[in-house]
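The values are calculated or read from the model by the stated rules, or taken from the named source; none is laboratory data. Computed from a predicted structure; not experimentally measured. Here Cβ is always computed from backbone atoms with ideal geometry, including for glycine, and neighbour counts include all displayed protein chains. Accessible surface areas use protein heavy atoms only, side chains included; no ligands, DNA or RNA. Shrake-Rupley method; radii C 1.70, N 1.55, O 1.52, S 1.80 Å.
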Amino acid sequence: MMIKNIDHIGIAVKSLDEALPLYTETLNLKLEGIETVESQGVKVAFILAGNTRLELLEALSPASPIAKFMEKRGEGIHHVALGVDDIEDRIKEIKEAGLRMIDDSSRKGAHNADVAFVHPKSTSGVLYELCEQALSKEEQK
């Protein structure tokens, strides 16, 4: 299986408005943008941190997976996203290796990336996200 990089680290927060000053003012990191991902029930802020991103995740409702995560564990690191190509092949390889997937096929995530999660019970308690970034218009040519 080919892992290209750590694409981002997801961090659950109660409020983007309250959390962002720590990253943008205190740590002087660059806010790349904020978007809502209705399908996952989150509002997301991307922070550039060197050669990776931090993805701050705010729940849109109490039914959101992020809200449920914070009920159990509070704010903090939610997942580590691994950059991959050919995500469907990576999912197949992971399942063949005996790991449990939360997603049996990819779905759309933030930035229109294809994503799928590996169950943390298969990975020593760490929630991993496979993330295949959408190609820019220039890359598609």
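See the values below:
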read-out: Tensor-based shape of region 9-64 (alpha-carbon gyration tensor, a/c under 1.5 rounded, otherwise prolate or oblate); value: prolate
read-out: Amide hydrogen neighbours beyond the local backbone of L29, cut-off 5 Å, H modeled; value: T24
read-out: Normalised contact order of the chain, rounded percent, pairs of Cα under 8 Å and 6 or more residues apart; value: 24 percent
read-out: Linear extension gain, A134 paired with E71, 0.36 nm per residue minus alpha-carbon span; value: 19.5 nm
read-out: Carbon plus sulfur fraction of accessible area for the chain, probe 1.4 Å, in percent; value: 49 percent
read-out: The chain shape via C-alpha gyration tensor axes, a/c threshold 1.5; value: oblate
read-out: Positive-end residue of A59, G10, S124, charge dipole of the chain with Cβ unit charges; value: S124
read-out: Computed magnitude of the charge dipole of the chain (debye, nearest 20; Cβ of K, R +1, Cβ of D, E -1); value: 340 debye
read-out: Phi to ³J(HN,Hα) by Karplus 6.51 cos²θ - 1.76 cosθ + 1.60 over region 58-66, Hz, x for Gly, Pro; value: 10, 5, 8, 7, x, 7, 5, x, 5
read-out: Cα-centre dipole for region 69-110 with unit charges at Cβ (Lys and Arg positive, Asp and Glu negative), debye to 20; value: 220 debye
read-out: DSSP-defined antiparallel bridges as percent of all bridges, the chain, nearest 5; value: 75 percent
read-out: Expected 222 nm ellipticity per residue - DSSP helices of 4 or more, -39500 (n - 2.57), all of the chain, to 500; value: -5000 deg cm²/dmol
read-out: Karplus 3J(HN,Hα) series, Hz, for region 22-29 with 6.51 cos²θ - 1.76 cosθ + 1.60 (x for Gly, Pro); value: 4, 7, 8, 9, 5, 8, 6, 9
read-out: Solvent-accessible heavy-atom area per residue, rounded to whole Å², over region 23-141 at 1.4 Å; value: 59 Å²
read-out: Length-normalised contact order of region 61-132 in % [C-alpha pairs under 8 Å, at least 6 apart]; value: 32 percent
read-out: Alpha-carbon centroids, region 1-76 and region 90-130: separation in whole Å; value: 18 Å
read-out: Farthest toward positive dipole pole in the chain [+1 Lys/Arg, -1 Asp/Glu at C-beta], among A45, N28, V80; value: V80
